[in-house]
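Data block below; observations after.
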Amino acid sequence: MSVSVARHTVSDMTPALSPSRAADFKQCPLLFRFRTIDKLEGPPSPAAARGTLVHSVLEHLFDLPAPERTPEAARALLPERWAALTTERPELIEMIEASDDLDDVTWLDDAASLVERWFELEDPTRLEPAERELYVETEVDGLTLRGYVDRLDVAPDGAMRVVDYKTGRSPGERFEGKALFQMKFYALVLWRLRGQVPRMLQLVYLGDGQVVRYVPDEQDLRSLERNLKAVWAAVVRAAETGDFRPRTSRLCNWCDFQEFCPEFGGTPPPMPEGASTLVLDPRVSGQAVPADD
């Protein structure tokens, strides 16, 4: 996967935060602990793997000359990108084989439907992204913020549009804020890097063909910056005290770690030694990976 990098030089040991880990803590501090400190991982998810495949196809489609970026060309990329993905993660093949409802043909057909829907929402023959899978990183008052942007479009006048692909359905108003939090996070980092607030944040939902657009401003991003500092302070306090309390919500229905959660009768694993040191390690709470949803 090609990765573009745009960042300030940040100390390797500067505490770091990614949008996914920040969102975890805001949703449920115990979920943050499970993923960040205990290093628990859920089973391979068919939806997540399909999302990774679709993201890869949409990224590599732009390697072709504009007139060749057709639905047929995108569909032809699917087997190639799936082969590359399963070479890196062979456990995904086992996941498909173990499922009674999936096989390679069905799998690729489902992904193809999502890719083809994208052509109903955007015309890649008229797009020339400035960046794809752009890694961004900057430092704010001793805290490194980092993440991956699916696509960055830059107009001739320098105006930026941040685009993120979602292979699920668009959320209701109650959950839309979580997706916008991620996009505002990227906007904040780009603003601090380039000195210009992105003109547009765009979420493309392939599950139901919806496009959500949001226009950020400096007040938005300053507010988010204050929020992230408060989140980080809360993370450090929780690590120092060992008090990562569960916070229940409807999102618990999709949590992979209910067996360890006291709210569901489970018991968390023993807190690792040096938890406060772990969260200060930028490779832990600041782990940033390309989105796959």
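In table form, for the structure just shown:
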| quantity | calculated |
| --- | --- |
| Any hit, the stretch 105-118, residues being within 20 Å of Met200 (Cα to Cα) and either touching a strand residue (DSSP E or B) at 6+ places or on another chain (Cβ under 7 Å) or assigned to a helix (DSSP H, G or I) (or both) | yes |
| Selection status of Leu58, assigned to a helix (DSSP H, G or I), at pLDDT 95 or above and touching a His at 6+ places or on another chain (Cβ under 7 Å) | no |
| Failed item, numbered, when Arg169 is tested on (1) out of contact with any helix residue (DSSP H, G or I) (no Cβ under 6 Å at 6 or more places or on another chain); (2) assigned to a helix (DSSP H, G or I); (3) of a type outside the set (S, T, N, Q); (4) farther than 29 Å from Ala275 by Cβ | (2) |
| Unmet requirement for Trp254, which otherwise passes all of (1) modelled with pLDDT of 95 or more; (2) closer than 23 Å to Pro171 by Cβ | (1) |
| Any chance Ser4 is at pLDDT below 85, surrounded by 14 or more Cβ atoms within 10 Å (Cβ to Cβ) and small (Gly, Ala, Ser) | yes |
| When residues of the stretch 130-142 are limited to those that are surrounded by fewer than 18 Cβ atoms within 10 Å (Cβ to Cβ) and at pLDDT 95 or above, the one farthest from the chain's Cα centre (by Cα) | Ala130 |
| Members of the stretch 61-77 found to be closer than 14 Å to Pro129 by Cα and in a helix (DSSP H, G or I), listed by number | Leu61, Ala66 |
| Every pair of residues 6+ apart whose Cβ atoms lie under 7 Å, when the first sits in the stretch 101-115 and is at pLDDT below 75 while the second is surrounded by 13 or more Cβ atoms within 10 Å (Cβ to Cβ) and among the aliphatic types (A, V, I, L, M) | Leu102/Ile96; Asp103/Ile96; Asp104/Ile96 |
| Yes/no for Gly265 being at positive phi and touching a helix residue (DSSP H, G or I) at 6+ places or on another chain (Cβ under 9 Å) | yes |
| Counted residues, the stretch 139-163 - those being out of contact with any Phe, Trp or Tyr (no Cβ under 9 Å at 6 or more places or on another chain), part of a strand (DSSP E or B) and not aliphatic (A, V, I, L, M) | 4 |
| Odd one out for Glu59 among (1) among the acidic types (Asp, Glu); (2) surrounded by 12 or more Cβ atoms within 10 Å (Cβ to Cβ); (3) within 19 Å of Tyr148 (Cβ to Cβ); (4) without any contact (Cβ under 8 Å) to a residue 60 or more places away in the chain | (4) |
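Quick grid of which residues meet (1) closer than 28 Å to Ala16 by Cα; (2) of a type in the set (A, V, I, L, M); (3) buried (at least 16 other Cβ atoms within 10 Å of the Cβ):
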| position | (1), (2), (3) |
| --- | --- |
| Thr86 | no, no, yes |
| Glu91 | no, no, no |
| Ala111 | no, yes, yes |
| Leu114 | no, yes, yes |
| Leu152 | yes, yes, yes |
| Lys166 | yes, no, yes |
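Yes/no matrix, rows are residues, columns are (1) outside any loop (DSSP other than H, G, I, E, B); (2) in contact with a Phe, Trp or Tyr (Cβ under 9 Å, 6 or more places away or on another chain); (3) farther than 18 Å from Ala130 by Cβ; (4) of a type outside the set (Phe, Trp, Tyr):
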| residue | (1), (2), (3), (4) |
| --- | --- |
| Arg192 | yes, no, no, yes |
| Val197 | no, yes, no, yes |
| Gln202 | yes, yes, no, yes |
| Gly207 | no, no, yes, yes |
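A quick yes/no check of all residues on (1) surrounded by 11 or more Cβ atoms within 10 Å (Cβ to Cβ); (2) in contact (Cβ under 8 Å) with a residue 40 or more places away in the chain; (3) in contact with a Leu (Cβ under 8 Å, 6 or more places away or on another chain); (4) not hydroxyl-bearing (Ser, Thr, Tyr):
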{"site": "Asp220", "(1), (2), (3), (4)": "yes, no, no, yes"}
{"site": "Leu228", "(1), (2), (3), (4)": "yes, yes, yes, yes"}
{"site": "Arg237", "(1), (2), (3), (4)": "yes, no, no, yes"}
{"site": "Leu251", "(1), (2), (3), (4)": "yes, yes, no, yes"}
{"site": "Cys255", "(1), (2), (3), (4)": "yes, yes, yes, yes"}
{"site": "Cys261", "(1), (2), (3), (4)": "yes, yes, yes, yes"}
{"site": "Pro270", "(1), (2), (3), (4)": "no, no, no, yes"}
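The values are calculated or read from the model by the stated rules, or taken from the named source; none is laboratory data. Just so we're clear, the structure is a prediction, and the values are computed from it rather than from any experiment. Here Cβ is always computed from backbone atoms with ideal geometry, including for glycine, and neighbour counts include all displayed protein chains.
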